[in-house]
Amino acid sequence: RLRPIRVALYGGGGAPYHHLAVFSRLGFETVYVTDQHVRQGLLRGVDVLLMPGGGWRAMNGQLDPLGAEGAEAIQAFVRAGGMYLSSCAGSYDAAIAPEAFVKTCPTKGCLNLVSARVWNDQGKEWVGLQSPGVGVWTLRVEAPDHPVMFGLPETFEVVHYNGPLFDPVEPALEGASQAQTLASLAGLTPAFTPAEHFLEPGTDEVPLERTLAARGAQAGKGVVMAGQLGFGRVVLFGSHPEF
């Protein structure tokens, strides 16, 4: 007998409310879990763990409460067949981050789930992470037959809010697959503000083509990534499709 898929929304940091609205409207069983629930093993009763965006000091606000025990519980959940689905900060959590960030947040070193490296990793504002900017940009579907992308047009707009861009890398984790780019950055819309134009006073004159976001679009950097770890699956959205 088929049963409804159960989705756990991590509420120990970040903003899962938009995700809750989407999944509830689609008929999924949803439940909030905190960092304490994760450490207590409550993920064994769900199919999908959703890590939202948002959080204090980049993703520290999500990772610090989990600690190494919680991060390792999430990794074990995925290896056993669970699915990790995330946006923005939740995707930073699971991707390969710069060493500078890991030194300030050791829990991050316990939660690598997919063979994708954060590309925007040269910044100073968030300890080795650099924001591309905020607003609406355009993505290009790179894997139209993948279930996550199935039925989407070749290009589509999505809201982005400081989140990561990715490069696939050779698998470094035992049991990890090669990461697949499902959608890449295709371009910026007039409703997008590159970070160089709002984080540093006096830099509004920076030409658009020299901004991090524009360079990411020119290089077609990944925004939606997928991979397998053990028996489980991982899907990272650098942007906010729930918006």
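The values are calculated or read from the model by the stated rules, or taken from the named source; none is laboratory data. Quick caveat, the model's predicted, so the values are computed rather than measured. Ideal geometry is used to build each Cβ from the backbone, glycine not excepted, and the neighbour counts take in all protein chains shown. The protein model used for the area step is the full one, side chains on, heavy atoms only, and it has no ligands, DNA or RNA in it. Shrake-Rupley method; radii C 1.70, N 1.55, O 1.52, S 1.80 Å.
With R₀ set to 30 Å, the beta-carbon distance separating Ala76 from Ala21 gives a calculated FRET efficiency near 0.55.
Tell me, what % of the accessible area of the chain is carbon and sulfur with a 1.4 angstrom probe? Can you show the working numbers first?
Values: 6110 of 11220 Å².
So the carbon and sulfur contribution to the accessible surface is 54 percent.
Checking the a/c ratio against 1.5 first, then a/b against b/c, what shape does the Cα gyration tensor give for region 1-124? Note, shape of region 1-124 comes out prolate. Between the amide H of Leu182 and those of Val224, Met225, Ala226, distances stay under 5 Å, these residues lying 5 or more places away or on another chain, with hydrogens modeled in the peptide plane.
Each label point was placed 7 Å from the Cα along the Cα-to-Cβ direction; for Asp145 and Thr193 their separation is 4.3 nm. Residues whose amide H comes within less than 5 Å of that of Val33, counting only those at least five positions distant or on another chain, are Leu9, Tyr10, Gly11 (H built at 1.01 Å from N in the peptide plane).
Charge dipole of region 1-96 (Cα centre as origin; +1 on each Lys and Arg Cβ, -1 on each Asp and Glu Cβ, all else neutral): 360 debye, rounded to the nearest 20.
In terms of its Cα atoms, the chain spans 57, 41, 34 Å along the principal axes, sorted from long to short. Taking the charge dipole of region 100-243 about its Cα centre, with +1 at Lys and Arg Cβ atoms and -1 at Asp and Glu Cβ atoms, the residue from Cys105, Thr193, Gly220 reaching farthest to the positive side is Cys105. Rounded to the nearest 500, the helix-only mean residue ellipticity at 222 nm of the chain stands at -6500 deg cm²/dmol, with each DSSP H run of n ≥ 4 adding -39,500 (n - 2.57). In a reduced charge model with +1 at each Lys and Arg Cβ and -1 at each Asp and Glu Cβ, the chain shows a dipole moment near 700 debye about its Cα centre.
Our summary gives the chain a relative contact order of 20 percent, counting only alpha carbon pairs under 8 angstrom and 6 or more residues apart. Our coupling estimate for region 87-94, obtained by passing each phi through the Karplus curve with A = 6.51, B = -1.76, C = 1.60 and θ = phi - 60°, is 9, 6, 4, x, 7, 3, 3, 9 Hz, Gly and Pro reported as x. Rolling a 1.4 Å probe across all protein chains gives Ile96 an accessible area of roughly 50 Å².
Rolling a 1.4 Å probe across the protein heavy atoms gives the chain an accessible surface of 46 Å² per residue. Amide H to amide H distances under 5 Å link Leu188 with Thr138, where only residues 5 or more positions off or on other chains count and H is placed in the peptide plane. With the charge dipole of the chain set up from +1 on Lys and Arg Cβ and -1 on Asp and Glu Cβ about the Cα centre, the Cα lying farthest toward the positive end among the listed residues Thr34, Gly14, Val234 is that of Thr34. List the trypsin sites (Lys or Arg not before Pro) within region 112-177 that DSSP assigns to loop and that have no more than 16 neighbouring Cβ atoms inside 10 Å. For trypsin sites (Lys or Arg not before Pro) across region 112-177 that sit outside H, G, I, E and B with at most 16 neighbouring Cβ atoms in 10 Å, the list reads Lys124.
For Phe231, Phe23, Phe150, write out the residues from largest to smallest accessible area, computed with a 1.4 angstrom probe and no ligands counted. It would help to have the intermediate numbers written out before the result.
Numbers: Phe231 175, Phe23 30, Phe150 150 Å².
The ranking, largest first, comes out as Phe231, Phe150, Phe23.
Between Thr104 and Phe243, the simple label model (points 7 Å from Cα in the Cβ direction) yields a spacing of 2.2 nm.
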